[in-house]
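Notes for the one structure printed next.
Every read-out reported here was derived from the displayed coordinates using simple, explicitly stated rules and does not represent laboratory data. Everything numeric here is computed off the predicted structure, so don't read it as measured data. Virtual Cβ from ideal backbone geometry, glycine too; neighbours counted across all protein chains shown.
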């Protein structure tokens, strides 16, 4: 299967704010997309990439925190436990990090790349990545979690990213 090089959309691109639609079934086109997304994520040294970040509005994301690649189709977080604040970055907002409070443990239901249903308990970094990428599927970005003062500090950086997106 040939992987296609995908363009990561940057802050300011309307693709990032559009809510994604469920995938009826994982077939060859979705598997090809997953493979291309995984290659794109690894090329950019990311640990997660959601379909809206490459302007595809399907509820699909990929993740690899160093324990092997995972594909999540139609993910739904069904349980949350604990709470913690950590700094997060995003391939669509290069150079920007935001402190984000999220549950530390989750249980997620999804289809894998073989169209098989999975229910998985996750914690620590994987739980955070799943929540971050699920946010992308709903049109939310890490900057939405920034407080008023933090947004003011980020304004110049975000404007520069947005302007670079508009020039592409």
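In this structure, is residue 96 touching a residue at least 60 places away in the same chain (Cβ under 8 Å), more than 29 Å from residue 25 (Cα to Cα), in contact with a helix residue (DSSP H, G or I) (Cβ under 8 Å, 6 or more places away or on another chain) and surrounded by 15 or more Cβ atoms within 10 Å (Cβ to Cβ)? Yes; evaluated as a whole, the condition is true for this residue.
Quick grid of which residues meet (1) surrounded by fewer than 18 Cβ atoms within 10 Å (Cβ to Cβ); (2) assigned to a strand (DSSP E or B); (3) out of contact with any strand residue (DSSP E or B) (no Cβ under 9 Å at 6 or more places or on another chain):
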{"site": "29", "(1), (2), (3)": "yes, no, yes"}
{"site": "67", "(1), (2), (3)": "yes, no, yes"}
{"site": "87", "(1), (2), (3)": "yes, yes, no"}
{"site": "100", "(1), (2), (3)": "no, yes, no"}
{"site": "107", "(1), (2), (3)": "yes, yes, no"}
{"site": "121", "(1), (2), (3)": "yes, yes, no"}
{"site": "129", "(1), (2), (3)": "no, no, no"}
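Taking the criterion of being without any contact (Cβ under 8 Å) to a residue 40 or more places away in the chain, assigned to a helix (DSSP H, G or I) and in contact with a helix residue (DSSP H, G or I) (Cβ under 6 Å, 6 or more places away or on another chain), no residue of region 42-65 qualifies. Scanning region 137-154 finds one or more residues that are in contact with a strand residue (DSSP E or B) (Cβ under 7 Å, 6 or more places away or on another chain), within 21 Å of residue 26 (Cα to Cα) and either exposed (fewer than 12 other Cβ atoms within 10 Å of the Cβ) or touching a residue at least 40 places away in the same chain (Cβ under 8 Å) (or both). Counting the residues of region 155-164 that are exposed (fewer than 12 other Cβ atoms within 10 Å of the Cβ) and either under 21 Å from the mean Cα position of the chain (by Cα) or not in a helix (DSSP H, G or I) (or both) gives 0.
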